[in-house]
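Undergrad: Just dropping this structure here.
The values are calculated or read from the model by the stated rules, or taken from the named source; none is laboratory data. Predicted, not measured: the structure shown is a model, and the values here were computed from it. Cβ coordinates were reconstructed from backbone atoms using ideal geometry, including for glycine residues, and neighbour counts include every protein chain displayed.
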Amino acid sequence: MPTFTENPTWKTQEIPATAQAVTGNAEAGYKYLTEGDYIGGGTPFDIMKNKMLKKPDTVLARSGDNQLAFYWGNVFKTTNGTKVFAGNCLTCHSSALNGKVVLGLGNSFADFKKSQAKTTKLLRLLVSLKYKKNSPERQAFEPYGNSIKVLPSYIITNNSGVNPAFRLEEACTIYRNPVDLLHQKKANFKPINYTLASDIPPLWNIAKKNALYYNGMGRGSMTKLLMQASLLGIPDTTTARKVHENFDDILSWLKSITPPPYPQEIDKVKLVAGQTVFEKNCSNCHGTYGNKSKFPNKLVALNIVKTDPLYARYFSQNSHLVEWYNKSWFANSTPKSTLQAEDGYVSPPLDGIWASAPYLHNGSVPTLEDLLNSSQRPTKWQRSSSSYDYDYQKVGWKYTIPTKNKGNGIYDTKLPGYSNAGHTFGDKLSTEERANLIEYLKSL
């Protein structure tokens, strides 16, 4: 059980808005997201072309070389003209739900418990054997190759379904000069020997946010914050600037997407009653919806929300990433962005909350019913890999209680950083009030 010994001078803080790009084109942003070169480098296409799909992908229905690429990857040309393949943002920011891929929904099916060390080592060996040292292919692969050489040992998670995004970024910055982003032999820092990971928030809520990430530490230009994945393969700041030119469009597309509507019938009488419960008990932090929609962008102190504190405290007290980022090109070139970490979590917007299970920042609670009644939250639970196993009664993923700590899809809330404690605000509600509240949440 997490402990909260601090006595902060604040309970909640409203995160102020900062000026954001408003000139982007959503259609161009979608095209760049699904075909663009923002990863900077990747595996030479000649190696990958025989591993592509046999039939055109139907999720994105792209043309050219990308029509046979997995929807979670892009084929593009690097700055030296080499055609490569690399994963795109949809690797983590899209997921299947009832058999359909929903763009912008966090991918909780990815399993980072398995090491990728053998795969990345084999890929680097294959490239070194197939292409000469100074060939365009080796040059296009090198920054990406440097990253995937470091990554595997840092992104292995202890639970299934959580994402080590910031751990990945830490690994990418260990040997990157923050000013020019060039690769260097000397390490900037050594991360702790434990992987903290989180649930992936849905992208359609970006339009309401004044800051990014669960702890609200991503401040300033969202276009800069959103392109951090480019550290996987961009060689330097010259390429970074060219990539950034497209992120006004990316942000515009993100602000245009909406959550999928709840697919089953909603009881209108319960919905109305549930809205009253919500506005009385939840709207102060999570905002209001409908015609009078308003989101407060509220950062809540750890001793108030009482969810697992390790993630927030890591960035406010221990992470070298914050220091690296605030010295880097991302923070010190126009438009500027910074990482400002504090001991709290942002109460998120709840649009499409029915679809975005599991819940809490660490994905430790499988359903809304469990979230609103902390006494029934499972200590250890297991879900299947089927996107059809959705529980429309409890609203979230169907799960079983495993008798052994073996198998896929197991979540253990006893592990450091993955507690399912806190956010007990629903406990004071009656059974009827909780049922009505859930009916209302389905409609958001």
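Undergrad: Only one of these conditions is not met by THR223: (1) more than 21 Å from PHE166 (Cα to Cα); (2) under 17 Å from the mean Cα position of the chain (by Cα); (3) of a type in the set (S, T, N, Q). Which number is it?
TA: Evaluating THR223 over (1) more than 21 Å from PHE166 (Cα to Cα); (2) under 17 Å from the mean Cα position of the chain (by Cα); (3) of a type in the set (S, T, N, Q) leaves (1) as the failure.
Undergrad: From the set of residues in segment 289-314 that are under 22 Å from LEU360 (Cβ atoms) and hydroxyl-bearing (Ser, Thr, Tyr), which is surrounded by the most Cβ atoms within 10 Å (Cβ to Cβ)? Show your work before the answer.
TA: First pass over segment 289-314, keeping only residues under 22 Å from LEU360 (Cβ atoms): 289, 295-314.
Retained after the next criterion (residues that are hydroxyl-bearing (Ser, Thr, Tyr)): 289, 307, 311, 314.
Working: TYR289: 20, THR307: 24, TYR311: 21, TYR314: 20.
The extreme case among them is THR307.
Undergrad: Also, I was wondering about something else. Of everything in segment 94-145, what is within 28 Å of ILE206 (Cβ to Cβ) and among the aliphatic types (A, V, I, L, M)? Give them in sequence order.
TA: Selection gives ALA96, LEU97, VAL101, VAL102, LEU103, LEU105, ALA110.
Residues are listed down the side, and each one gets a yes or a no for (1) at pLDDT 95 or above; (2) over 17 Å from GLY42 (Cβ atoms); (3) in a loop (DSSP other than H, G, I, E, B):
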| residue | (1), (2), (3) |
| --- | --- |
| LEU90 | yes, no, no |
| VAL102 | yes, yes, no |
| SER108 | no, yes, yes |
| PHE112 | no, yes, yes |
| SER115 | no, yes, yes |
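Undergrad: Let me ask something else. Could you tell me which residue of segment 176-205 is nearest to SER337 (Cα to Cα), considering only residues that are surrounded by fewer than 20 Cβ atoms within 10 Å (Cβ to Cβ) and hydrophobic (A, V, I, L, M, F, W, C)?
TA: VAL179
Undergrad: Look at segment 278-318 and say how many of its residues are of a type in the set (Lys, Arg) and touching a His at 6+ places or on another chain (Cβ under 8 Å). Break it down into steps so the answer makes sense when it comes.
TA: Quick first cut of segment 278-318, residues of a type in the set (Lys, Arg) only: 280, 292, 294, 298, 306, 313.
From what is left, the residues that are touching a His at 6+ places or on another chain (Cβ under 8 Å) are 306.
Number of matching residues: 1.
Undergrad: Scan SER95, SER160 and give me the residue that is among the hydroxyl-bearing types (Ser, Thr, Tyr), assigned to a loop (DSSP other than H, G, I, E, B) and under 22 Å from ARG383 (Cβ atoms).
TA: None of the others qualify; the one that does is SER160.
Undergrad: Take segment 38-57 and flag every residue that is over 24 Å from the mean Cα position of the chain (by Cα) and not acidic (Asp, Glu).
TA: Those that are over 24 Å from the mean Cα position of the chain (by Cα) and not acidic (Asp, Glu): PRO44, PHE45, ILE47, MET48, LYS49, ASN50, LYS51, MET52, LEU53, LYS54, LYS55, PRO56.
Undergrad: Taking LYS132 as meeting all but one of (1) at pLDDT 90 or above; (2) part of a loop (DSSP other than H, G, I, E, B); (3) surrounded by 15 or more Cβ atoms within 10 Å (Cβ to Cβ), write down the number of the exception.
TA: Exception for LYS132: condition (3).
Undergrad: Would you mind finding the one in ALA28, ALA17, ALA21 that is part of a loop (DSSP other than H, G, I, E, B), farther than 30 Å from LYS414 by Cβ, in contact with a Phe, Trp or Tyr (Cβ under 9 Å, 6 or more places away or on another chain) and not hydroxyl-bearing (Ser, Thr, Tyr)? Before you say what the answer is, go through the steps one by one.
TA: Details: ALA28 fails: part of a loop (DSSP other than H, G, I, E, B); ALA17 fails: in contact with a Phe, Trp or Tyr (Cβ under 9 Å, 6 or more places away or on another chain).
Being part of a loop (DSSP other than H, G, I, E, B), farther than 30 Å from LYS414 by Cβ, in contact with a Phe, Trp or Tyr (Cβ under 9 Å, 6 or more places away or on another chain) and not hydroxyl-bearing (Ser, Thr, Tyr) holds for just one of ALA28, ALA17, ALA21, which is ALA21.
Undergrad: Among the residues of segment 167-210, write down those that are among the hydrophobic types (A, V, I, L, M, F, W, C) and under 14 Å from the mean Cα position of the chain (by Cα).
TA: Within segment 167-210, LEU168, LEU196, ALA197, ILE200, LEU203, TRP204, ILE206 meet the criteria.
Undergrad: In addition: Need pairs with beta-carbon distance below 7 Å; first residue within 18 Å of ILE174 (Cα to Cα) and within segment 219-234, second of a type in the set (Lys, Arg) and not in a loop (DSSP other than H, G, I, E, B); sequence gap 6+ or separate chains.
TA: Final answer for the pair search is LEU231/ARG176.
Undergrad: So GLU35 passes all but one of these: (1) among the acidic types (Asp, Glu); (2) more than 30 Å from PRO335 (Cβ to Cβ); (3) within 26 Å of the chain's Cα centre (by Cα). Which condition number does it fail?
TA: With respect to (1) among the acidic types (Asp, Glu); (2) more than 30 Å from PRO335 (Cβ to Cβ); (3) within 26 Å of the chain's Cα centre (by Cα), GLU35 is out only on (2).
Undergrad: Is it true that LYS280 is surrounded by fewer than 18 Cβ atoms within 10 Å (Cβ to Cβ), of a type in the set (Lys, Arg), without any contact (Cβ under 8 Å) to a residue 60 or more places away in the chain and part of a loop (DSSP other than H, G, I, E, B)? Show your work before the answer.
TA: On the way: surrounded by fewer than 18 Cβ atoms within 10 Å (Cβ to Cβ): yes; of a type in the set (Lys, Arg): yes; without any contact (Cβ under 8 Å) to a residue 60 or more places away in the chain: yes; part of a loop (DSSP other than H, G, I, E, B): no.
No: the conditions fail for LYS280.
Undergrad: What do you reckon, is GLN317 surrounded by 19 or more Cβ atoms within 10 Å (Cβ to Cβ), within 28 Å of GLN184 (Cα to Cα) and under 24 Å from the mean Cα position of the chain (by Cα)? Give the derivation first.
TA: Details: surrounded by 19 or more Cβ atoms within 10 Å (Cβ to Cβ): no; within 28 Å of GLN184 (Cα to Cα): yes; under 24 Å from the mean Cα position of the chain (by Cα): yes.
When the stated conditions are applied, GLN317 does not pass them.
Undergrad: Among what's in segment 135-175 and is of a type in the set (Val, Ile, Thr) and more than 23 Å from ASP236 (Cα to Cα), pick the residue that is surrounded by the fewest Cβ atoms within 10 Å (Cβ to Cβ). Talk me through it step by step, then tell me what you get.
TA: Of all residues in segment 135-175, those of a type in the set (Val, Ile, Thr) come to 148, 150, 155-157, 162, 173-174.
Within this subset, residues satisfying the condition of being more than 23 Å from ASP236 (Cα to Cα) are 155-157, 162.
Values: ILE155: 20, ILE156: 17, THR157: 22, VAL162: 27.
Out of the qualifying residues, it is ILE156.
Undergrad: Out of (1) at pLDDT 95 or above; (2) in a helix (DSSP H, G or I); (3) out of contact with any Asp or Glu (no Cβ under 7 Å at 6 or more places or on another chain), the odd one out for ALA229 is which?
TA: (1)
Undergrad: Among the residues of segment 13-30, count how many are under 21 Å from LYS77 (Cβ atoms) and either surrounded by 18 or more Cβ atoms within 10 Å (Cβ to Cβ) or without any contact (Cβ under 8 Å) to a residue 60 or more places away in the chain (or both).
TA: Initial filter on segment 13-30 (under 21 Å from LYS77 (Cβ atoms)): 28-30.
Filter once more, keeping what is either surrounded by 18 or more Cβ atoms within 10 Å (Cβ to Cβ) or without any contact (Cβ under 8 Å) to a residue 60 or more places away in the chain (or both): 29-30.
Adding up the residues that qualify gives 2.
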